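One structure below.
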Amino acid sequence: MSNPDTSGGILTIDLGALVDNWRLLKSRLNGADCAAAIKADAYGLGAERAVIALAQAGCHDFFIAQLDEGILLRRILNGAGLNGEIHVLGIPLDGAEGRQSLIEHRLTPVLNALADIDIWKTHHRDAPADIHIDTGMLRLGLPPSEVETLKDDPRRSQGLNISYVISHLACAEDRQTAMNGEQLASFTETLTLFPACKASLANSAGIFLGPQYHFDLGRPGAALYGVNPTPGMANPMAQVVRLQGKILQIRDVDTPQSVGYGATHRIIQKGRIATVGVGYADGYLRSLSGRGYGFLGEHRVPLVGRVSMDLITFDVSDVPEQVAHPGALIDLIGVNNPVDDVAEAASSIGYEILTSLGARYHRAYI
Ligand SMILES: *Cc1c(COP(=O)(O)O)cnc(C)c1O
């Protein structure tokens, strides 16, 4: 966390907007609970502040990807005197040490295979666990063949203390695709094997597919942090992230010259170039070279030339000198260029933009 006066960029995270987003998602869930996916340091925003704000607002279930994230999260919650169930999405269960950590830190593993179920039943049958059914991602979860095995021998999964039976949607952002309905049907059918268990299917976009996708728990991540869960329609979420890059130097150009590595951009007319102290080492993706843009107040300024490791350059020729000056801040992510727009310019997705946000920014939480 660097000094705001000397850092090349200022990242402001609006915890009020985060909590508003969680409340909105919860209200869309028609009575089902609303968890929070906070893996990868709350999608790059900072798990500690995010989790405390969410838990204080009433969020009880947190999903993370790895054991170490879970241990850290338990410490955060304990330190703030807060409780919550922490679900670990991807954890190998064959090592006794890893399993012992789960028990010690009261973490709920997601069982992704029959082998996981067997291990957990043998060693920790009373400790809570989730069961993940793969309905079309081909990443983690019981594959269809193992679901068939369970159908033939339902006792295999009996006697466990199951928190949730979960599955994950592959194309929830696409309201038109038949795959959502197919995954829903497959999941619903498999749930007949777990008649007394609570279930969870929807990520952020899944929540907006309708009540049949809600079951007992929604698991939003991206939408909490302001990414639009309904692409192609207005974003119902509040903006959580603002990223401002600081102008370090302004260069007046009056003879034809090129800007940056590779000399990919040439200035042919008289103009002004602003150099900002943010680069790809800060997660400002190199694919934004020649395509990104920022805002100086209401002035839209195009990024010119290549993104370098620590610096980017904007054409500020059309901006008054009292606005574009050394020390002034350019919105790299802001009200006029929200995270989804930046992602589009980078040929990426909001998820990648957020989880790439670098460690050198001065971070301010409001
Ligand atoms: C990351 C993740 C989520 C959250 O997804 P978003 O699209 O960010 O809402 C939910 N469930 C699982 C299994 C995940 O891995």
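Kindly list the number of the only condition in (1) of a type in the set (F, W, Y); (2) under 19 Å from E104 (Cβ atoms); (3) in a helix (DSSP H, G or I) that fails for W22.
The one condition W22 does not meet is (2).
Scanning for something within 16 Å of the ligand (Cβ to nearest atom) and under 25 Å from S167 (Cβ atoms), does region 238-260 turn up at least one residue?
no
Looking at (1) closer than 24 Å to L67 by Cβ; (2) open to solvent by less than 20 Å² (accessible area, probe 1.4 Å); (3) out of contact with any Gly (no Cβ under 8 Å at 6 or more places or on another chain); (4) not basic (K, R), which is the only condition A205 fails?
Every condition holds for A205 apart from (1).
Report every pair of residues separated by at least 6 positions or lying on different chains whose Cβ atoms are under 8 Å apart, first residue within region 40-59 and within 14 Å of S356 (Cβ to Cβ), second part of a loop (DSSP other than H, G, I, E, B) and within 16 Å of the ligand (Cβ to nearest atom).
Close Cβ pairs (under 8 Å, with a partner that is part of a loop (DSSP other than H, G, I, E, B) and within 16 Å of the ligand (Cβ to nearest atom)) amount to A40/A65; Y43/G221; G44/S356; G44/L357; L45/V240; L45/L357.
Taking into account only those residues within region 136-150 that are under 15 Å from L89 (Cβ atoms) and out of contact with any strand residue (DSSP E or B) (no Cβ under 7 Å at 6 or more places or on another chain), which is most open to solvent (accessible area, probe 1.4 Å)? Explain how you work it out, then say what you get.
To start, the set of residues in region 136-150 that are under 15 Å from L89 (Cβ atoms) comprises 137, 139-142.
From what is left, the residues that are out of contact with any strand residue (DSSP E or B) (no Cβ under 7 Å at 6 or more places or on another chain) are 137, 139.
On the way: M137: 53, R139: 165 Å².
Going through the qualifying residues, I end up with R139.
All but one of (1) of a type outside the set (S, T, Y); (2) out of contact with any Leu (no Cβ under 6 Å at 6 or more places or on another chain); (3) assigned to a helix (DSSP H, G or I) hold for A55, so report the exception by its number.
Tallying (1) of a type outside the set (S, T, Y); (2) out of contact with any Leu (no Cβ under 6 Å at 6 or more places or on another chain); (3) assigned to a helix (DSSP H, G or I), A55 fails exactly one: (2).
Exactly one condition in (1) away from the ligand (no atom under 11 Å from the Cβ); (2) assigned to a loop (DSSP other than H, G, I, E, B) is not met by L169; state its number.
Exception for L169: condition (1).
Looking only at region 35-60, which residues are within 18 Å of S200 (Cβ to Cβ) and away from the ligand (no atom under 11 Å from the Cβ)?
Going residue by residue through region 35-60, those that are within 18 Å of S200 (Cβ to Cβ) are 35-39, 54, 58-60.
Listed by number, the residues that qualify are L54, G58, C59, H60.
Each row is one residue, and each column tells you yes or no for (1) within 15 Å of K246 (Cα to Cα); (2) of a type in the set (S, T, N, Q).
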position: V316; (1), (2): yes, no
position: V319; (1), (2): no, no
position: G327; (1), (2): yes, no
position: V335; (1), (2): no, no
position: D340; (1), (2): no, no
position: A346; (1), (2): no, no
position: S356; (1), (2): no, yes
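Suppose the filter is out of contact with any Asp or Glu (no Cβ under 6 Å at 6 or more places or on another chain), assigned to a strand (DSSP E or B), of a type outside the set (D, E) and closer than 17 Å to I247 by Cβ; does R363 pass it? Before the answer, list the steps.
Working: out of contact with any Asp or Glu (no Cβ under 6 Å at 6 or more places or on another chain): yes; assigned to a strand (DSSP E or B): yes; of a type outside the set (D, E): yes; closer than 17 Å to I247 by Cβ: no.
No, not satisfied.
Kindly indicate the residue of region 20-67 that is touching a strand residue (DSSP E or B) at 6+ places or on another chain (Cβ under 8 Å) and β-branched (V, I, T) and also surrounded by the fewest Cβ atoms within 10 Å (Cβ to Cβ) among those meeting that condition.
Applying the filter and picking the extreme gives V51.
With respect to G221, is the statement that it is of a type in the set (G, A, S) and buried (at least 24 other Cβ atoms within 10 Å of the Cβ) true?
Numbers: of a type in the set (G, A, S): yes; buried (at least 24 other Cβ atoms within 10 Å of the Cβ): no.
In short, no.
Just to be sure I understand, how many residues within region 226-268 are open to solvent by less than 30 Å² (accessible area, probe 1.4 Å) and among the hydrophobic types (A, V, I, L, M, F, W, C)?
First, the residues of region 226-268 that are open to solvent by less than 30 Å² (accessible area, probe 1.4 Å): 226-230, 237, 240-241, 243-247, 253, 259, 267.
Of the ones still in play, those that are also among the hydrophobic types (A, V, I, L, M, F, W, C) are 227, 237, 240-241, 243, 247, 253, 259, 267.
Count: 9.
How many residues are farther than 15 Å from L45 by Cα and open to solvent by 50 Å² or more (accessible area, probe 1.4 Å) when one looks only at region 345-366? Lay out the reasoning, then the answer.
To start, the set of residues in region 345-366 that are farther than 15 Å from L45 by Cα comprises 345-349.
Narrowing further to those that are open to solvent by 50 Å² or more (accessible area, probe 1.4 Å): 347, 349.
Number satisfying all stated conditions: 2.
When region 274-303 is examined, which residues are found to be open to solvent by less than 10 Å² (accessible area, probe 1.4 Å) and closer than 18 Å to I250 by Cα?
If the condition is that a residue be open to solvent by less than 10 Å² (accessible area, probe 1.4 Å) and closer than 18 Å to I250 by Cα, then A274, V276, V278, G279, G294, L296, V301, L303 are the ones that fit.
If I filter region 197-220 for residues that are free of Cβ contacts under 8 Å to residues at least 60 places away in the same chain, in contact with a Pro (Cβ under 9 Å, 6 or more places away or on another chain) and more than 13 Å from the ligand (Cβ to nearest atom), do I get at least one hit?
No, region 197-220 contains no residue that is free of Cβ contacts under 8 Å to residues at least 60 places away in the same chain, in contact with a Pro (Cβ under 9 Å, 6 or more places away or on another chain) and more than 13 Å from the ligand (Cβ to nearest atom).
Any chance region 321-344 includes a residue that's more than 24 Å from the chain's Cα centre (by Cα), of a type in the set (D, E) and surrounded by fewer than 19 Cβ atoms within 10 Å (Cβ to Cβ)?
There is at least one residue in region 321-344 that is more than 24 Å from the chain's Cα centre (by Cα), of a type in the set (D, E) and surrounded by fewer than 19 Cβ atoms within 10 Å (Cβ to Cβ).
Rundown of residues vs (1) more than 14 Å from I131 (Cα to Cα); (2) among the small types (G, A, S), yes/no style:
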position: F187; (1), (2): no, no
position: T190; (1), (2): no, no
position: P195; (1), (2): no, no
position: A199; (1), (2): no, yes
position: N203; (1), (2): yes, no
position: G206; (1), (2): yes, yes
position: Y213; (1), (2): yes, no
position: R219; (1), (2): yes, no
position: A222; (1), (2): yes, yes
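The values are calculated or read from the model by the stated rules, or taken from the named source; none is laboratory data. Quantities reported herein were computed from a predicted structural model and do not represent experimental measurements. Counting neighbours? That spans all protein chains shown, and the Cβs are built from the backbone with ideal geometry, glycine included. These accessible areas exclude ligands, DNA and RNA; they are computed on the full protein's heavy atoms, side chains included. Shrake-Rupley method; radii C 1.70, N 1.55, O 1.52, S 1.80 Å.
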